[in-house]
Amino acid sequence: MKQQIENIKQEFAQELQNATSVANLQELRVKYVGKSGVVTGLLRQIKDVAPQDRASVGNMINDLRKGVEVQLAETEEKFAQVELENKLKAEQIDISLLNGQQWGTRHPIDKVKDEIIDLFKGIGFEVCEGPELETDYYNFQALNIPLEHPSRDMQDTFYINDNILLRTQTSAMQARLMEKKGPPIKMLCPGKVFRADSDASHSPVFHQIEGLVVDTDITLRDLKGTLEYVAQRLFDEQTQVRFRPSYFPFTEPSVEVDLTCCNCHGKGCSLCKGTGWIEVLGAGMVNPFVLENCGIDSNKYTGYAFGFGIERMAMIKYGIPDIRLFFENDIRFLKQFKK
Ligand code: DAH
């Protein structure tokens, strides 16, 4: 019996050495210490052992069983560790790959737009947006630009049909606002506008911001103070605003607004073509004809309006020479606005 125990011990040691997986160990467990396993079988044979030897043989069998169980458990732990390591290796994700990831950045037009809107919001302007597909009425007629009027030629229009067009100016929102809201009005309308025009300073689609203020006692001085406030924060504290007489059918009087050049501060440079001033927007007092057309009493109310291109503001602010750069989405250009 003792020899038998020794043989089983060695046989087990050999089989354990050959085991390569947790599953193999499970088979060994069943074979040796399972209910009808080899070691369990030995215990059953103990009744045949001479009574004086039973205790020592019983101890040997118990030691064998414990030894088998402990070795199985230890080896199982080792295998489980290796199997886990293999699994982790197989499922490994190389997070260092993310180091090369390029994060996007806000488009310069959006950045400048939000900066300008924030400045106007700070002095009480509300913001609204209108349709890009507009009627001839709101884009032209309500703004004192009748059918066949020569001033239409200033804006090369994409017509969808005789009545519908892609709006050429955010001024199209003026009459909509006056009709719908009525005074007092203090609104800003940003949005896309469209013109059949394309070169280094013109794009078939670009962005404008329209401003409209209608209330009692509004004067050109309010307009000048407002524009000065915004320009000084957008460019620099020294920026000055200059009005030059101009003509727009929907404002009377109309002005062209210049700012002192933010590059040379008025001394004259290539950006301002030596004049010290840069033309940035059109504006004026809302034409009483337009007010009346929208049901607003022009004896009681006055208003000012202005409109400018966001691309032009961004080109001046960042010294960008060609408007087309905004729409080409060349990553080398866009990356420069990361901060
Ligand atoms: N809508 C004009 C344009 O696109 C700009 C403009 C001029 C807007 C005078 C105004 C204004 O509100 O009063 O050229």
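The values are calculated or read from the model by the stated rules, or taken from the named source; none is laboratory data. From a predicted model like this one, the values you see are computed outputs, not experimental measurements. With ideal geometry, Cβ positions are generated from the backbone for all residues, glycine too; neighbour counts draw on all protein chains shown. Only protein heavy atoms, including side chains, enter the accessible area calculation; ligands, DNA and RNA are left aside. Shrake-Rupley method; radii C 1.70, N 1.55, O 1.52, S 1.80 Å.
Brief remarks on what is shown
- Unique residue being among the β-branched types (Val, Ile, Thr), surrounded by fewer than 15 Cβ atoms within 10 Å (Cβ to Cβ) and outside any helix (DSSP H, G or I) when the list is Thr20, Thr40: Thr20
- If you go through the range 104-128 and pick out every residue that is touching a strand residue (DSSP E or B) at 6+ places or on another chain (Cβ under 8 Å) and surrounded by 12 or more Cβ atoms within 10 Å (Cβ to Cβ), you end up with 10.
- Tally of residues being of a type in the set (A, V, I, L, M) and within 11 Å of the ligand (Cβ to nearest atom) across the range 142-180: 5
- Strands (runs of 3 or more DSSP E) enclosed by the range 138-216 - at least 2 residues per element that are touching a Leu at 6+ places or on another chain (Cβ under 8 Å) and without any contact (Cβ under 8 Å) to a residue 40 or more places away in the chain: 164-166
- Residues of the range 80-112 satisfying the condition of being closer than 30 Å to Lys192 by Cα and assigned to a helix (DSSP H, G or I): Pro108, Ile109, Asp110, Lys111, Val112
- Scoring Glu279 on the criteria (1) part of a loop (DSSP other than H, G, I, E, B); (2) without any contact (Cβ under 8 Å) to a residue 40 or more places away in the chain leaves a single failure, condition (1).
- Residue in the range 201-229 that is nearest to the ligand (Cβ to nearest atom), counting only those that are surrounded by fewer than 20 Cβ atoms within 10 Å (Cβ to Cβ) and among the aliphatic types (A, V, I, L, M): Leu220
- Residue in the range 241-258 that is open to solvent by 10 Å² or more (accessible area, probe 1.4 Å), away from the ligand (no atom under 13 Å from the Cβ) and not in a strand (DSSP E or B) present: no
Condition check ((1) of a type in the set (Phe, Trp, Tyr); (2) in contact with a helix residue (DSSP H, G or I) (Cβ under 7 Å, 6 or more places away or on another chain); (3) surrounded by 14 or more Cβ atoms within 10 Å (Cβ to Cβ); (4) in the same structural domain as Pro288 (by TED's automatic domain parsing)) across all residues:
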position: Gln102; (1), (2), (3), (4): no, no, no, no
position: Phe140; (1), (2), (3), (4): yes, yes, yes, yes
position: Leu143; (1), (2), (3), (4): no, yes, yes, yes
position: Asp153; (1), (2), (3), (4): no, no, no, yes
position: Asn163; (1), (2), (3), (4): no, yes, no, yes
position: Ala172; (1), (2), (3), (4): no, yes, yes, yes
position: Leu177; (1), (2), (3), (4): no, no, yes, yes
position: Lys180; (1), (2), (3), (4): no, no, no, yes
position: Cys189; (1), (2), (3), (4): no, yes, yes, yes
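- Meets criteria (open to solvent by 30 Å² or more (accessible area, probe 1.4 Å) and either more than 29 Å from Asp110 (Cβ to Cβ) or not hydrophobic (A, V, I, L, M, F, W, C) (or both)) for Asn287: no
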